[in-house]
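Student: The structure that follows is given in the form of structure tokens.
The values are calculated or read from the model by the stated rules, or taken from the named source; none is laboratory data. Quick caveat: nothing in here was measured; it's all calculated off a predicted structure. Positions of Cβ are generated from backbone atoms using ideal geometry, with glycine treated the same way; all protein chains shown enter the neighbour counts. Accessible surface is based on the protein model in full, side chains and every heavy atom, while ligands, DNA and RNA are left aside. Shrake-Rupley method; radii C 1.70, N 1.55, O 1.52, S 1.80 Å.
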Amino acid sequence: MAAIYRLRRLRPELPRPYNVVGYPLVPAVFILSVVWLVVNPVINEPISTGITFAPILTGVPISYFSFGPRRG
């Protein structure tokens with residue numbers, strides 16, 4: 001959803017083969033809802049949420065080293 005804002009700001013000349021219903025309000029509400037769904041458990045249940053996020057966040061360096069930018 002955040003890409004909608006970014007693309008419309010950086011590339012306004014691109015054709016828009018789709019319409020976002022309620023733009024810019026509906027995508028903003030969606031983004032805020034997702035942020036709330038992630039932040040709320042971190043605040044209320046930090047230990048169990050940390051245990052849940054640990055394996056997910058382990059994938060970040062694995063993904064970076066497997067598919068990240070190649071040098072040389």
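Student: In the neighborhood of Leu7, defined by Cβ-to-Cβ distances under 13 Å, what is the net charge if each Lys or Arg adds +1 and each Asp or Glu adds -1?
Tutor: Summing Lys/Arg as +1 and Asp/Glu as -1 gives +4.
Student: Using packing as a proxy for protection, rank 40-48, 27-35 so that the peptide with the highest average count of other Cβ atoms within 10 Å comes first.
Tutor: 27-35, 40-48
Student: From the Cα gyration tensor of the chain, with a ≥ b ≥ c the square roots of its eigenvalues, which class applies: rounded if a/c is under 1.5, or else prolate if a/b is larger than b/c, or else oblate? The partial results should precede the final answer.
Tutor: On the way: a/c = 4.02, a/b = 1.27, b/c = 3.18.
Oblate.
Student: Right, another one. Taking θ = phi - 60°, what integer Hz values does the Karplus form 6.51 cos²θ - 1.76 cosθ + 1.60 yield along region 35-47, in sequence order, with x for Gly and Pro?
Tutor: 4, 4, 5, 8, 6, 4, x, 5, 6, 7, 9, x, 6
Student: What 222 nm value per residue comes from the helices of the chain, counting each DSSP H run with n ≥ 4 as -39,500 (n - 2.57) and dividing by all residues, nearest 500 deg cm²/dmol?
Tutor: -23500 deg cm²/dmol
Student: Taking the Cα centre of each part, how many Å lie between region 39-72 and region 8-34?
Tutor: Here the two parts' Cα centres lie 27 Å apart.
Student: Calculate what fraction, in whole %, of the accessible area of the chain sits on carbon and sulfur atoms when a 1.4 Å probe is rolled over the protein chains.
Tutor: Details: 4490 of 6270 Å².
That share works out to 72 percent.
Student: Tell me the per residue accessible area of the chain using a 1.4 Å probe; a whole number in Å² is fine.
Tutor: Normalised by residue count, the accessible surface of the chain is 87 Å².
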